[in-house]
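Only one structure is covered here, and it is reproduced in the block below.
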Amino acid sequence: MSRIAKRQLVLYSRKAHERGLTAAFGGNLSARVGDLVFIKATGAVMDEMTEEQVAVIDLSGNQRSGVRPSSEYRLHLAVYRARPDVKAIAHLHPPYSIVASTLLKGELPIITPEAELYLGRIPIAPFRPAGTEELAEVTAEALKGADAVLMAKHGIVTVGKSLREAFYKAELVEESAKLWYLSRK
């Protein structure tokens, strides 16, 4: 199971970069398998990810591999604790979503039937510094009633029962943000 989790993490990390949902070192994905979390290693580049660049931690944040986890591991752990139904998380930095998170308050409007069906609502969590426990807390709180959240001036987090599901929800969030932005013109 761990080998599958690592392969999926590599696959969807590379896809995220290819589709413009993040750049360079930005963003990170994780998958929960039992009491272990497989997450992008700190310093790994999304489009060059390898299985060796997947860190393993437990739900308390203890390292279970020789690879250090992303600085956003607190965010992932807070979401897994708040949402036991979640098995995968995509935290990405898509451009239209970041713009929307700086201009809007409350929620990103739902425009498409797909976003309505698969996301329902997209709240905006208040700004907190990256990698902090404060960011983890406000994001996990926002996700208690949603499967996607914009983090003010930072990026997005989407959740699912698989990395595939979390990834495609991230695409829907970015499409919604882009359509919202273009509709303003």
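The values are calculated or read from the model by the stated rules, or taken from the named source; none is laboratory data. These figures come from a predicted structure and were not determined experimentally. Neighbour counts run over all protein chains shown; Cβ positions are idealised from the backbone, glycine included. Side chains included, ligands, DNA and RNA excluded: accessible areas come from the protein's heavy atoms. Shrake-Rupley method; radii C 1.70, N 1.55, O 1.52, S 1.80 Å.
What to note about this one:
- Screening segment 68-87 for residues that are within 18 Å of Val54 (Cα to Cα) and small (Gly, Ala, Ser) and picking the one that is surrounded by the fewest Cβ atoms within 10 Å (Cβ to Cβ) gives Ser71.
- Restricting attention to segment 12-48, the residues that are among the aliphatic types (A, V, I, L, M) and in contact with a Phe, Trp or Tyr (Cβ under 9 Å, 6 or more places away or on another chain) add up to 9.
- Residue satisfying condition, being open to solvent by less than 50 Å² (accessible area, probe 1.4 Å) and assigned to a strand (DSSP E or B), within set Ser30, Ser65: Ser30
- Pairing each residue of segment 124-138 that is touching a residue at least 60 places away in the same chain (Cβ under 8 Å) and open to solvent by less than 30 Å² (accessible area, probe 1.4 Å) with any residue that is in a helix (DSSP H, G or I) and charged (D, E, K, R), provided the two are 6+ apart or on different chains, yields C-beta distances under 9 Å for Gly131/Arg74; Leu135/Arg74; Ala136/Arg74.
- Any hit, segment 47-62, residues being more than 19 Å from Arg14 (Cα to Cα), free of Cβ contacts under 8 Å to residues at least 40 places away in the same chain, of a type in the set (A, V, I, L, M, F, W, C) and assigned to a loop (DSSP other than H, G, I, E, B): yes
- Residue under evaluation Pro95, criteria (1) in contact (Cβ under 8 Å) with a residue 60 or more places away in the chain; (2) open to solvent by 50 Å² or more (accessible area, probe 1.4 Å); (3) in contact with a strand residue (DSSP E or B) (Cβ under 9 Å, 6 or more places away or on another chain), criterion not met: (3)
- Identity of the residue in segment 103-112, at pLDDT 95 or above and open to solvent by 70 Å² or more (accessible area, probe 1.4 Å), that ends up farthest from Ser30 (Cα to Cα): Leu103
- Candidates Ala100, Ala90 - the one that is more than 30 Å from Val54 (Cα to Cα) and open to solvent by less than 60 Å² (accessible area, probe 1.4 Å): Ala100
- Taking the numbered list (1) crowded, with 21+ Cβ neighbours inside 10 Å; (2) assigned to a loop (DSSP other than H, G, I, E, B); (3) of a type in the set (Lys, Arg) in turn, Lys169 passes all entries but (2).
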